[in-house]
Amino acid sequence: MDCVLVACHDFQGLLSSGVPTLAFLNHAPWRRFDLATGHWPMLSAPVKLADVLHTAVS
């Protein structure tokens, strides 16, 4: 099973800080895609989000 995580600014910080309950998201089967945007990427960066989603399913 392939799992995908699209992480925006705030969540990237949590993942990078080593919060133990989120550590599993940095390892397989999770594939992490970071977007340089806020909480609502579908509004602030729709084209970049679409590119990430296309890459994730390709």
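The values are calculated or read from the model by the stated rules, or taken from the named source; none is laboratory data. Values in this document were obtained by computation on a predicted structure and should not be read as measured data. Every residue, glycine as well, gets a Cβ built from its backbone with ideal geometry; the counts of neighbours run over all protein chains shown.
Condition (residue is at pLDDT below 95, touching a strand residue (DSSP E or B) at 6+ places or on another chain (Cβ under 8 Å) and of a type in the set (Gly, Ala, Ser)) applied to region 24-36: is it met by at least one residue?
Checked region 24-36: no residue is at pLDDT below 95, touching a strand residue (DSSP E or B) at 6+ places or on another chain (Cβ under 8 Å) and of a type in the set (Gly, Ala, Ser).
Quick test for you: out of Leu43, Leu15, Leu22, Leu5, pick the one residue that is part of a helix (DSSP H, G or I) and touching a residue at least 12 places away in the same chain (Cβ under 8 Å).
Just one listed residue meets the conditions, Leu15.
For region 18-36, which residues satisfy the criterion of being within 12 Å of the chain's Cα centre (by Cα) and over 23 Å from Asp2 (Cβ atoms)?
If the condition is that a residue be within 12 Å of the chain's Cα centre (by Cα) and over 23 Å from Asp2 (Cβ atoms), then Ala36 is the only one that fits.
Residue check: is Thr55 polar (S, T, N, Q) and surrounded by 15 or more Cβ atoms within 10 Å (Cβ to Cβ)? Before the answer, list the steps.
Details: polar (S, T, N, Q): yes; surrounded by 15 or more Cβ atoms within 10 Å (Cβ to Cβ): no.
No.
Could you check region 14-36 and list, in sequence order, the residues that are surrounded by 12 or more Cβ atoms within 10 Å (Cβ to Cβ) and farther than 22 Å from Leu53 by Cβ? Don't jump to the end; show me each part of the working.
Looking only at region 14-36, we keep the residues that are surrounded by 12 or more Cβ atoms within 10 Å (Cβ to Cβ), and these are 14-16, 22, 25-26, 30-35.
Answer for region 14-36, where residues must be surrounded by 12 or more Cβ atoms within 10 Å (Cβ to Cβ) and farther than 22 Å from Leu53 by Cβ: just Ser16.
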